[in-house]
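Student: After the structure tokens below, expect a handful of questions from me.
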Amino acid sequence: MTSTRETRLYQVGTFAAGNRLLDLEDRSVQAHPDRTNAITSGHRACRGCGEALGARFVLDAAVRAAGGDLVTANATGCLEVFSTPYPESSWQVPWLHSLFGNAPAVASGMAAGLRAQGRATRVVGQAGDGGTVDIGFGCLSGMFERNDDVLFVCYDNQGYMNTGVQRSGATPPAARTATTSTAGDVPGNPFGQGKSAPLIAMAHEIPYVATATVADLRDLEDKVTRAMEHHGARYLHVLVPCPLGWAADPSDTVRLARLATESGLFPLFEAEHGEVTGVTPIRHRVPVDDYLRLQGRYAHLFGEPGRPDLVARLQAGADRNIARFGLLEEGGDRP
Amino acid sequence: MCRPQVVAAYPISPQTHIVEALSDLVRTGELAQCEYLTVESEFAAMSACIGASAVGARAYTASASQGLLFMAEAVFNASGLGLPIVMTVANRAIGAPINIWNDHSDAMALRDAGWIQLYAADVQEATDLHLQAFVVAERTSLPVMVCMDGFVLTHAVEEVDLPEQEQVDAFVPPFVPQQLLDPDDPVTIGAMVGPEAFTEVRYLMQQRMDTAIGTVAEVAHDFREAFGRSSGGLVRGYRLEDADTVLVTLGSVAGAATEVVDELREQGIAAGTLTLTCFRPWPDEAVREALAGARRVVVLERAFSVGRGSIVGQDVRDSLHDLPVTVVEAVGGLGGRPVRRSDVRRLVEGVAADLLPTGRLHFLDLDHALLASAGVR
């Protein structure tokens, strides 16, 4: 077992991102001594915040790829609030916050303004799921359709966490939020049609779309790096568990992100120009129960008498993802 | 001519031909080093201008009416962030009922948005105000709306003296932003400000707006020096000397107002008129100075505050609060109804004869027959 651990330490492509024993060129961006610390310590995110973790890795990788020449547009939301309580700021990159619903359009304007001045500065826009799939969706679609030279990143914590955990268009079925309580026949968020922002982004046939989580930070960095190799509109959708909103233990943030992918609920894939170009296979498939039971927002499914029927519907959704994206085709285990 | 570097616009009547022409200018290269963004909404148009301005590009858009309201959140944001964006407002009514024709309800709805608002009296002034607007905006780091009456001015065919490009380049220097998103010197713009500093930020906005009164006057002065033509500025008086009764207007009614004044003077009525070019910031001293000699003032505007009455009239009354001047408030020309000279003359005659009571809003051109047919008495 000891030798296995040593091997993992030197292995590139594990979930570990901070390996400082590798040669500089093989290290993750985050393990590199010249990382930007784009969002630096001292901010006011909650303990175990997936969004803070995701934003740090995304922006450091993007700044590295841009050779330091990068500006950012940020939507209103947790990320903006916890990082810039005036007169403090955690941002070590040029950063602008305008409004909740306009970050993609602000980013488009930045890209146009830079191009008009003949500057090669790159642009990253970022928002939570509310600012992306709901209130900012028109601006996002416009930015995609025009193929503006912007990487837009959605940090998806599946609800309006900043305002006190209300339902968003990215809230999964059956999840309890402040506006989808457990009262009534179908407790929690209704089973709607869902709204997959990555698939909608792909329908615009933009150069690059990818999904990632904060469980595999090396993969997240790689996807940001690949996104930055492209020009035009690019979209990265990052699942970032929220201990507060999901009623989960702050120490479970990374575990929950991993279980979301290993259950099939959150498929990891990349797409170019509307076609899927790669998926991350599930290594050890788990039933959705393993993921759901760690979260208080699903507690009503598991009490007495519980709602095994709803758990089954969630499992069916995960199964559908696995079939659709071929997540088990490269030798993943069955549960 | 003012060399914007980013134009982001969404078409709306009566602004469409402005953005169509700009699109052509960019496509043909006549407007060089400019990016034209065909955005999906007015909200995106103003948002893109915010992004462009923050990276140091001169940004421009045009809108009107519903479009202006649709972008309202971003309009307030642009001024809060201190970004010198210039926007043409092709003034148009706001529905319901939907109406594409001219009045000032749109710009007046954004009176308190923290933008400088300049109103053009004719097409020549609309042209000149755009040159001045970029200079004022960039000197004060405040956004500017150039308001021109929809159709009345936007679609008027008039001879216009277009300055030479070299003259414009000398008058409108390249944009030097007062704040900039620069990777070599990263700053945070748009931070979360709580009760401990929010008041001070707003105070500084007010202070900057106060300063802008001087800047608007100064730039109009510079314009006259450079182009030999008087245009823009704070207010413009006509036959105010010895005027007992003064008609105050803004926008294209100014033309009819001067003609009415001439007619009334011939009848022996000591009338004058004052055109407000700068509405925000409110040029308190200039208004007071211009109207201090009058006994009666009548404010005629193309918008009103439903449930209250005159919008501009309140400001005028406030400027004259300790002077023995009667202020009568009137509204006319709503939703494209032409402001007829005969109506204006009757209004001023009535005021001069002390026939119109103060304290209520007078409708210039109500169709009483139409109201009666709808069962309204």
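Student: If R₀ is 35 angstrom, what is the calculated FRET efficiency for the pair A:ASN147 and A:GLU304, using the beta carbon separation as r and rounding to 0.05? Don't jump to the answer; show the numbers that get you there.
Tutor: Values: r = 54 Å, r/R0 = 1.53.
Efficiency, rounded to the nearest 0.05: 0.05.
Student: Roughly what % antiparallel, to the nearest 5, for the DSSP beta bridges in chain B?
Tutor: Numbers: 8 of 46 bridges.
Around 15 percent of the beta bridges assigned by DSSP in chain B are antiparallel ones.
Student: So what does B:ARG3 come to for accessible area, using a 1.4 Å probe and Å² rounded to 10?
Tutor: 120 Å²
Student: Here is a follow-up. Where the centroid of each part is defined by its Cα atoms, how far is region A:258-335 from region B:1-37 in Å?
Tutor: Taking the Cα centre of each part, region A:258-335 and region B:1-37 sit 49 Å apart.
Student: Can you give me the accessible area per residue for region B:235-373, using a 1.4 Å probe, in Å²?
Tutor: On the way: 6110 Å² over 139 residues.
Using a 1.4 Å probe on heavy atoms only, each residue of region B:235-373 averages 44 Å².
Student: What FRET efficiency do you get for B:ARG308 and B:GLN165 if R0 is 45 Å and r is their Cβ-Cβ distance, rounded to the nearest 0.05? Don't jump to the answer; show the numbers that get you there.
Tutor: On the way: r = 46 Å, r/R0 = 1.02.
E between B:ARG308 and B:GLN165, to the nearest 0.05, is 0.45.
Student: Continuing with the same structure: For B:HIS362, what residues show an amide H to amide H distance below 5 Å, using hydrogens built from the backbone and excluding near sequence neighbours?
Tutor: Answer set, sorted by chain and number: B:GLU329, B:ALA330, B:VAL331.
Student: Let me check something: with ligands and nucleic acids excluded, how do B:ARG265, B:ARG377, B:ARG239 order by accessible area (1.4 Å probe), largest to smallest?
Tutor: Numbers: B:ARG265 60, B:ARG377 270, B:ARG239 85 Å².
Final ranking, largest accessible area leading: B:ARG377, B:ARG239, B:ARG265.
Student: How far apart, in nm, are two points set 7 Å out from the Cα along the Cα-to-Cβ line at A:ARG324 and at B:GLU259?
Tutor: Here the answer is 6.6 nm between the modelled labels.
Student: OK, next. Let's see if you can work this out: charge +1 on each Lys and Arg Cβ, -1 on each Asp and Glu Cβ, no other charges. What is the dipole magnitude of region B:235-373 about its Cα centre, in debye to the nearest 20? Before the final figure, lay out the partial values.
Tutor: On the way: 16 positive and 20 negative charges, 76 e Å.
Taking the Cα centre of region B:235-373 as origin, the dipole is about 360 debye.
Student: Turning to a different aspect of this structure: With a ≥ b ≥ c the root eigenvalues of the C-alpha gyration tensor of chain B, is it rounded (a/c under 1.5), prolate (a/b larger than b/c) or oblate? Numbers along the way, then the final one.
Tutor: Details: a/c = 1.64, a/b = 1.60, b/c = 1.03.
Prolate shape, in that a/c is at least 1.5 and a/b is the bigger ratio.
Student: Moving on. Is region B:1-103 rounded, prolate or oblate when judged by the Cα gyration tensor, a ≥ b ≥ c being the square roots of its eigenvalues, rounded requiring a/c under 1.5 and prolate requiring a/b larger than b/c? Please report the intermediate quantities before stating the final value.
Tutor: Details: a/c = 2.30, a/b = 1.29, b/c = 1.77.
Oblate.
Student: Still on this structure: With charges only on Cβ, +1 for K and R and -1 for D and E, what is the dipole size of region A:129-239 about its Cα centre, in debye, rounded to 20?
Tutor: Working: 8 positive and 13 negative charges, 53 e Å.
In debye, rounded to 20, region A:129-239 gives about 260.
Student: Right, something else. Just subtract the alpha-carbon distance of B:GLU20 and B:LEU204 from 0.36 nm times their residue separation and send over the number in nm, one decimal. Show your work: numbers first, answer last.
Tutor: Numbers: separation 184, 0.36 × 184 = 66.24 nm, distance 3.75 nm.
Residue separation times 0.36 nm, minus the Cα-Cα distance, leaves 62.5 nm.
Student: Continuing with the same structure: What percent antiparallel are the DSSP beta bridges of region B:235-373, to the nearest 5? Display every interim value, and only then the final one.
Tutor: Working: 5 of 23 bridges.
Bridges in region B:235-373 that DSSP calls antiparallel: roughly 20 percent.
Student: At 15 angstrom or more along the helix axis (alpha-carbon based) and mean Kyte-Doolittle of -0.5 or higher, what helices does chain A contain? Whole DSSP H runs only.
Tutor: Details: long enough: A:50-65 (23 Å, 0.69); A:103-116 (20 Å, 0.93); A:217-229 (18 Å, -0.93); A:308-325 (25 Å, -0.18).
The answer, listed by residue number, is A:50-65, A:103-116, A:308-325.
Student: Continuing with this model, one more query. Can you work out the Karplus-derived ³J(HN,Hα) for every residue in region A:265-279? Use 6.51 cos²θ - 1.76 cosθ + 1.60 with θ = phi - 60°, whole Hz, and x for glycine or proline.
Tutor: Values, residue by residue: 5, 10, x, 9, 8, 10, 9, 10, 6, x, 10, 5, 10, x, 10 Hz.
Student: Can you name the helices of chain B, as whole DSSP H runs, whose Cα span along the helix axis is 24 Å or more and whose Kyte-Doolittle mean is not below -1.0? It would help to have the intermediate numbers written out before the result.
Tutor: Values: long enough: B:123-140 (25 Å, 0.10); B:198-227 (42 Å, -0.16).
Both cut-offs are met by B:123-140, B:198-227.
Student: What does the accessible area of B:SER53 come to, in Å² to the nearest 10, when a probe of 1.4 Å is used?
Tutor: Counting only protein heavy atoms, the figure is 0 Å².
Student: Residue farthest toward the positive end of the dipole of region A:35-333, with Cβ of Lys/Arg at +1 and Asp/Glu at -1: which of A:HIS284, A:HIS231, A:ALA323?
Tutor: The residue sitting most towards the positive pole is A:HIS231.
Student: Follow-up. Could you tell me the relative contact order of region B:6-227? Use alpha-carbon pairs under 8 Å, at least six residues apart, and round to a whole percent. Don't skip to the end; give the middle numbers.
Tutor: Values: 362 pairs, mean separation 42.2, N = 222.
Relative contact order, region B:6-227: 19 percent.
Student: FRET efficiency for B:THR211 and B:LEU370, Cβ-Cβ distance as r, R0 = 51 Å, nearest 0.05? Walk me through the numbers before you get to the answer.
Tutor: On the way: r = 47 Å, r/R0 = 0.93.
FRET efficiency, B:THR211 to B:LEU370: 0.60.
Student: With a 1.4 Å probe and all protein chains kept in place, how do B:VAL201, B:VAL328 rank by accessible area, largest first? Show your work: numbers first, answer last.
Tutor: Details: B:VAL201 60, B:VAL328 5 Å².
Correct descending sequence by accessible area is B:VAL201, B:VAL328.
Student: Take the protein assembly as shown, compute every pairwise Cα distance, and split them into 10 Å bins from 0; I just need the percent in each bin.
Tutor: 3, 14, 22, 20, 16, 12, 8, 4, 2, 0, 0
Student: How big is the A-B contact in terms of buried accessible area, both chains counted, 1.4 Å probe, rounded to the nearest 100 Å²? Write out the running numbers ahead of the final one.
Tutor: Values: alone 14690 and 17280 Å², together 29160 Å².
Interface between A and B: roughly 2800 Å².
Student: Which residues in region A:68-103 place their backbone N less than 18 Å from a point set 7 Å from the Cα of A:THR40 along the Cα-to-Cβ direction?
Tutor: From region A:68-103, the list is A:68-72, A:82-96.
Student: Compute the distance in nm between two label points, each set 7 Å from the Cα along the Cα-to-Cβ direction, one at A:ALA178 and one at B:ALA156.
Tutor: Going from the A:ALA178 label point to the B:ALA156 one covers 5.3 nm.
Student: Next question, about the same structure. Hey, can you list the residues from region B:52-97 whose accessible area shrinks by 50 Å² or more with all protein chains present, relative to the chain by itself (probe 1.4 Å, no ligands or nucleic acids)?
Tutor: B:VAL55
Student: OK, next. Over chain B, what percent of the accessible surface lies on carbon and sulfur atoms, probe 1.4 Å?
Tutor: Values: 8210 of 15850 Å².
Carbon and sulfur: 52 percent of the exposed surface of chain B.
Student: What's the local net charge at B:LEU142, with K and R +1, D and E -1, over the other residues with C-beta under 15 Å away? Don't skip to the answer; put the middle values down first.
Tutor: Working: positive: B:ARG58, B:ARG111, B:ARG139, B:ARG202, B:ARG208, B:ARG280; negative: B:ASP112, B:GLU138, B:ASP210, B:GLU218.
My count for the surroundings of B:LEU142 gives +2.
Student: Dividing the alpha-carbon Rg of region B:6-227 by 2.2 N^0.38 Å yields what?
Tutor: After normalising by residue count via 2.2 N^0.38 Å, the value is 0.99.
Student: Let me cross-check B:ARG224: its accessible surface, 1.4 Å probe, with only protein heavy atoms counted, in Å² to the nearest 10?
Tutor: Counting only protein heavy atoms, the figure is 110 Å².
Student: Here's a follow-up. If DNA, RNA and ligands are ignored and the probe is 1.4 Å, what is the ranking of B:GLU329, A:GLU304, B:GLU164 by accessible area, most exposed first? Before the final figure, lay out the partial values.
Tutor: Values: B:GLU329 10, A:GLU304 180, B:GLU164 110 Å².
The ordering from most to least exposed comes out as A:GLU304, B:GLU164, B:GLU329.
The values are calculated or read from the model by the stated rules, or taken from the named source; none is laboratory data. Keep in mind that what you see is a predicted model, and the values were worked out from it rather than measured. Methodologically, a virtual Cβ is constructed for each residue, glycine included, from the backbone with ideal geometry; neighbour enumeration extends over all protein chains shown. Surface accessibility is based on the protein's heavy atoms, side chains included, excluding ligands, DNA and RNA. Shrake-Rupley method; radii C 1.70, N 1.55, O 1.52, S 1.80 Å.
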